[in-house]
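Q: Quick one: the structure is below, questions incoming.
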Amino acid sequence: MTSRKIEVLSPRLANQIAAGEVVERPASVVKELIENCLDAGATRIDIDIEQGGVKLIRVRDNGRGIGKDDLPLALARHATSKVYSLDELEALNSLGFRGEALASVASVSRLTLTSKPAAQDTAWQVSAQGRDMAVDLTPAAHTDGTSVEVRDLFFNTPARRKFLRTEKTEFNHLEEVVKRQALARFDVGFSLSHNGRTIHALRPAATPAEQQRRIAQLLNPDFMNNALVIETERAGLTMTGWVGLPTFSRSSADMQYFFVNGRVVRDKVIAHAVKQAYRDVLYNGRHACFVLYLELDNAAVDVNVHPTKHEVRFRDQRLVHDFLFSQLHRALAEYRPDGQSLTAD
Ligand code: ADP
Ligand code: MG
């Protein structure tokens, strides 16, 4: 058999392969775009969706923007303003760092990026049509901040497109992403519309009462009336949030929100610790509800584990596990169904 010649992938194909990891469906695009807004210091994020995100995803923010000269670079692979060195990667405090999201999305959609930093007089725009990152820089109208418009997702990758579900299912996934981000960042206002209809309009929530209102609005309104407040700290670990009473369990694990340093996280260590804490008070097959925030030193957690960044690795897994378990277990044990709830510390 003759051997096949080895060739370096074209940038376009390399991006489309990378997109396979990062861009699974419209919801993944929305997640990446919102993370970029948050990294840009936005206090307001407006999301417009058409046809479950397949036809259009538009995300607009009031963040610090991208300068004219940097605009084409923003769409290039491995181009980022967030990490310049390994040291920075290890003490990361941004959500993004791989410099892959925009390049990946641009390679499988028709993408337009418009931006205006406050210091620049006018806005500029670049676009890519799933081709070889060919971009033309044109002046545009835009207030301070950035808009990313993603049209016709997967128009040039039919195999991917085939895996998309109904418009409703795709929108549900996408709405879940927005919910998670809105729970992660009370200080940011969010709006979400679908086919011209407003689904969520959330103003920044500064006070505890406003935060609870946001949670009630996004989750089951009964949750707040059936939750214990958690506020506890030990050995550099801080946990705050709300955990559902055992009497407020669910048949699936669909109301479990955990955030590590502001990042939406799904993690086996965390899941196990929570499950153990509830073991004696929940019936088999029932699932706890919780919205919990864990804060720890950025250097104690590695986020560079998976391209979608849903997973993290704790430097000291035992410490984190024991902290979560003991604090939640105690809060649940101290709760008296007949009277007042006692918070952990
Ligand atoms: P990463 O977020 O990993 O850096 P992305 O491909 O998501 O990679 O974005 C590339 C770069 O484009 C970012 O590093 C940032 O400089 C810029 N950028 C993207 N979105 C925004 C935004 N909404 N506001 C300001 N800058 C942005
Ligand atoms: Mg990013």
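Laboratory data are not the source of any read-out in this text; all were calculated from the coordinates shown. What you are looking at is a predicted structure, and each value in this text was computed from that prediction instead of being measured. Here the Cβ positions follow ideal geometry from the backbone for every residue, glycine too, while neighbour counts run over all protein chains shown.
Q: Which of the lysines could be linked to Lys55 by a straight reach, that is with a Cα gap under 20 Å, when you skip same-chain ones fewer than 8 residues away?
A: Result set, ordered by chain and number: Lys31, Lys162, Lys168.
Q: Provide the net charge surrounding Lys116, with neighbours chosen by a C-beta distance below 14 Å and charges set as Lys +1, Arg +1, Asp -1, Glu -1. Mind dumping the intermediate values first?
A: Numbers: positive: Arg60, Arg64, Lys68; negative: Asp61, Asp69, Asp70, Asp121, Asp144.
Once positives and negatives cancel, what remains is -2.
Q: Now for a different question. Under the rule of at least 5 residues apart or a separate chain, name every residue whose amide H is placed under 5 Å from the amide H of Ile199.
A: Leu192, Ser193, His194
Q: Could you tally the net charge around Asp152, taking each other residue with its Cβ under 9 Å from the Cβ of Asp152, Lys/Arg +1 and Asp/Glu -1? Don't skip to the answer; put the middle values down first.
A: On the way: positive: Lys55, Arg110, Arg151; negative: none.
Every neighbour counted, the sum reads +3.
Q: Per DSSP helix of 4 or more residues, -39500 (n - 2.57); summed, then divided by the residues of the chain. What does that give at 222 nm, rounded to the nearest 500? Don't skip to the answer; put the middle values down first.
A: On the way: 10 runs with 105 residues, N = 345.
Only helices count here, giving -9000 deg cm²/dmol.
Q: Another question about this same structure. Which of the three applies to region 74-127, rounded, prolate or oblate, going by the alpha-carbon gyration tensor with a ≥ b ≥ c and a/c under 1.5 meaning rounded?
A: Working: a/c = 3.14, a/b = 1.36, b/c = 2.31.
Cα axes put region 74-127 in the oblate bin.
Q: Here is a follow-up. Which order, highest average first, do 327-333, 292-298 follow once you tally other Cβ atoms within 10 Å for each residue and take the mean per peptide? Walk me through the intermediate numbers first.
A: Values: 327-333: 19.7, 292-298: 17.4.
Taking the mean over residues of other Cβ atoms within 10 Å, the ranking is 327-333, 292-298.
Q: In addition: If you take the beta carbon distance between Leu13 and Asp136 as r and set R0 to 25 Å, what does 1/(1 + (r/R0)^6) give as a FRET efficiency, to the nearest 0.05?
A: Given R0 = 25 Å and the Cβ-Cβ separation, E is 0.70.
Q: Name the shape class, rounded, prolate or oblate, that the alpha-carbon gyration tensor gives for region 114-234, where a ≥ b ≥ c are the square roots of its eigenvalues, rounded holds for a/c under 1.5, and otherwise prolate holds if a/b is larger than b/c and oblate otherwise. Walk me through the intermediate numbers first.
A: Numbers: a/c = 2.66, a/b = 1.50, b/c = 1.77.
It comes out oblate by the Cα gyration axes.
Q: I'd like to compare 249-262, 146-159: which one has the highest average count of other Cβ atoms within 10 Å, and what's the full order after that? List each step's numbers first, then the result.
A: Numbers: 249-262: 16.2, 146-159: 18.9.
Descending mean neighbour count gives 146-159, 249-262.
Q: Treating the angle as unsigned and between 0 and 90°, give the value, to the nearest 10°, between the Cα long axis of helix 26-39 and the longest Cα principal axis of the chain.
A: On a 0 to 90 degree scale, this one is about 80.
Q: In addition: Sorted by mean Cβ packing within 10 Å, highest first, what order do the peptides 116-122, 311-317, 47-53 take? Intermediate results must be reported in sequence, preceding the final value.
A: Details: 116-122: 12.9, 311-317: 15.4, 47-53: 21.9.
The densest-packed peptide leads the list: 47-53, 311-317, 116-122.
Q: In Å and on Cα atoms, what radius of gyration and Dmax does the chain show?
A: Answer for the chain, Rg first and Dmax second: 21.6, 79 Å.
Q: Enter the Cα centre distance for the pair region 249-267 and region 165-233, rounded to the nearest angstrom.
A: Computed from Cα coordinates, the inter-centre distance equals 13 Å.
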